[in-house]
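Everything on this sheet refers to the single structure shown next.
The values are calculated or read from the model by the stated rules, or taken from the named source; none is laboratory data. Just so you know, these numbers come straight off a predicted model, no measurement behind them. All Cβ positions, glycine included, derive from the backbone under ideal geometry; neighbour counts span all protein chains shown. These area figures cover heavy atoms from the full protein model, side chains too; ligands, DNA and RNA do not enter into them. Shrake-Rupley method; radii C 1.70, N 1.55, O 1.52, S 1.80 Å.
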Amino acid sequence: MPRIVSLIASSTEIVCALGFGDELVGRSHECDFPDWVRRLPVCTAPKFPTEGTSYEIDQRVKAILAEGLSVYRVDADRLRALAPDVIVTQSQCEVCAVSLRDVEQAVCDWIESRPRIVSLEPFALADVWRDVETVAAALGAPERGAELTARLRRRVEAIVERARAIRDRPSVAVIEWIDPLMAGGNWMPELVTMAGGVNLFGEAGQHSPWMTLEELARRDPDWVVVIPCGFDIERTRADMPLLAAQPVWQRLPAVRDGHVVLGDGNQYFNRPGPRLVESLEILAEILHPRIFDFGHRGRGWQMLG
């Protein structure tokens, strides 16, 4: 069986969902699901302090990128000692996780072995299903990939089918970063539409765009879903005063009506893996609670108030 190192939280979930969890020998610093993977050796680390407000984190990341440097560090010695046959990384976002370049640099001087590097690049939901099958094929089990994607697609289609009959579709603004303000992109516009909403910002398959509070006010969303990248609900709630202090935010009808939701972006929405189906379930029960109830409230999402 292949020895696997996964350097993205989402790919760790994919490997486990495919039934290869026992073959994992190393992980990234962000891999935390299933919970038992926390016991695995950690092969990466951020080059900046991750504490502080979203504004402070944004400034640290931009300062590193401005110097042409990578945001994350790969422990090449540990990676080499683990002797993986397959390393899974990504090339979609150099801010989100260790990149393909980081991994290639870490293994470039290996002589005795050449692990296969599998780089994932998910921009839209279809890309996520493709990545599942790519990982499965790299691990010598393409049939497992086909079976898993078929199951995930069936769950998605069941929600889409129920939402298809909904005529009253609320408008939704997804916030993926608080300061500076960023809207949800990539697969998020698709999920909003599938859940029976009208997405106002960001385009499916495109990187998350910057936005302003003034633009948010002009579009006047019925619902605001706040899911900062890498933040859980508690961390997101701690940053909400940054928005609450803005008069424009206070004047938003969605804020006055209590239609602001905090989601666990770190565990669900920001991870392009199997639990994007749960992310869709969360959005569906937020927007249409009389039709959908998957039991995610409290754990996967909470009302701001």
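Quick rundown of the values:
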{"quantity": "Condition check for Arg251: among the basic types (Lys, Arg), more than 28 Å from Glu13 (Cα to Cα) and either open to solvent by 30 Å² or more (accessible area, probe 1.4 Å) or modelled with pLDDT of 95 or more (or both)", "calculated": "yes"}
{"quantity": "Some residue of region 146-153 being in contact (Cβ under 8 Å) with a residue 12 or more places away in the chain, surrounded by 19 or more Cβ atoms within 10 Å (Cβ to Cβ) and of a type in the set (Lys, Arg)", "calculated": "no"}
{"quantity": "Within region 187-212, considering residues that are polar (S, T, N, Q) and modelled with pLDDT under 95, the one nearest to Ala124 (Cα to Cα)", "calculated": "Gln206"}
{"quantity": "The lone exception for Gly230 - which of (1) among the small types (Gly, Ala, Ser); (2) modelled with pLDDT under 95; (3) open to solvent by less than 30 Å² (accessible area, probe 1.4 Å) it fails", "calculated": "(3)"}
{"quantity": "Residue identified as under 30 Å from Leu148 (Cβ atoms) and part of a helix (DSSP H, G or I) among Glu56, Glu13", "calculated": "Glu13"}
{"quantity": "Scope region 126-145; condition hydrophobic (A, V, I, L, M, F, W, C) and open to solvent by 50 Å² or more (accessible area, probe 1.4 Å); matching residues", "calculated": "Ala126, Ala137"}
{"quantity": "Answer residue from region 24-45, given it is in contact with a strand residue (DSSP E or B) (Cβ under 7 Å, 6 or more places away or on another chain), farther than 20 Å from Gly230 by Cβ and not β-branched (Val, Ile, Thr) and is most open to solvent (accessible area, probe 1.4 Å) among those", "calculated": "Pro41"}
{"quantity": "Identity of the residue in region 177-187, touching a helix residue (DSSP H, G or I) at 6+ places or on another chain (Cβ under 7 Å) and either crowded, with 21+ Cβ neighbours inside 10 Å or not charged (D, E, K, R) (or both), that ends up farthest from Thr236 (Cα to Cα)", "calculated": "Trp187"}
{"quantity": "Residue list for region 191-224, restricted to those being touching a residue at least 40 places away in the same chain (Cβ under 8 Å) and either out of contact with any helix residue (DSSP H, G or I) (no Cβ under 7 Å at 6 or more places or on another chain) or assigned to a loop (DSSP other than H, G, I, E, B) (or both)", "calculated": "Ala195, Gly196, Gly197, Gly205, Gln206, His207, Leu216, Arg219, Asp220, Pro221, Asp222"}
{"quantity": "All positions within region 53-98 that are β-branched (Val, Ile, Thr), open to solvent by less than 20 Å² (accessible area, probe 1.4 Å) and at pLDDT 65 or above", "calculated": "Ile57, Val61, Val71, Val86, Ile87, Val88, Thr89"}
{"quantity": "Residue match in region 113-125 (condition: assigned to a loop (DSSP other than H, G, I, E, B), within 30 Å of Asp58 (Cβ to Cβ) and open to solvent by 50 Å² or more (accessible area, probe 1.4 Å))", "calculated": "yes"}
{"quantity": "Per-region count, region 158-190, residues among the acidic types (Asp, Glu) and in contact (Cβ under 8 Å) with a residue 24 or more places away in the chain", "calculated": "3"}
{"quantity": "In region 288-305, the residues that are outside any loop (DSSP other than H, G, I, E, B) and either touching a residue at least 60 places away in the same chain (Cβ under 8 Å) or within 20 Å of Leu152 (Cα to Cα) (or both)", "calculated": "Trp301, Gln302"}
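Conditions (1) part of a strand (DSSP E or B); (2) touching a strand residue (DSSP E or B) at 6+ places or on another chain (Cβ under 6 Å), marked per residue:
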| residue | (1), (2) |
| --- | --- |
| Phe231 | no, no |
| Gln250 | no, no |
| Leu262 | yes, yes |
| Tyr268 | no, no |
| Arg271 | no, no |
| Glu278 | no, no |
| Ile286 | no, yes |
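Residues are listed down the side, and each one gets a yes or a no for (1) open to solvent by 30 Å² or more (accessible area, probe 1.4 Å); (2) not β-branched (Val, Ile, Thr):
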{"residue": "Gly258", "(1), (2)": "yes, yes"}
{"residue": "Phe269", "(1), (2)": "no, yes"}
{"residue": "Ile291", "(1), (2)": "yes, no"}
{"residue": "Arg297", "(1), (2)": "yes, yes"}
{"residue": "Trp301", "(1), (2)": "no, yes"}
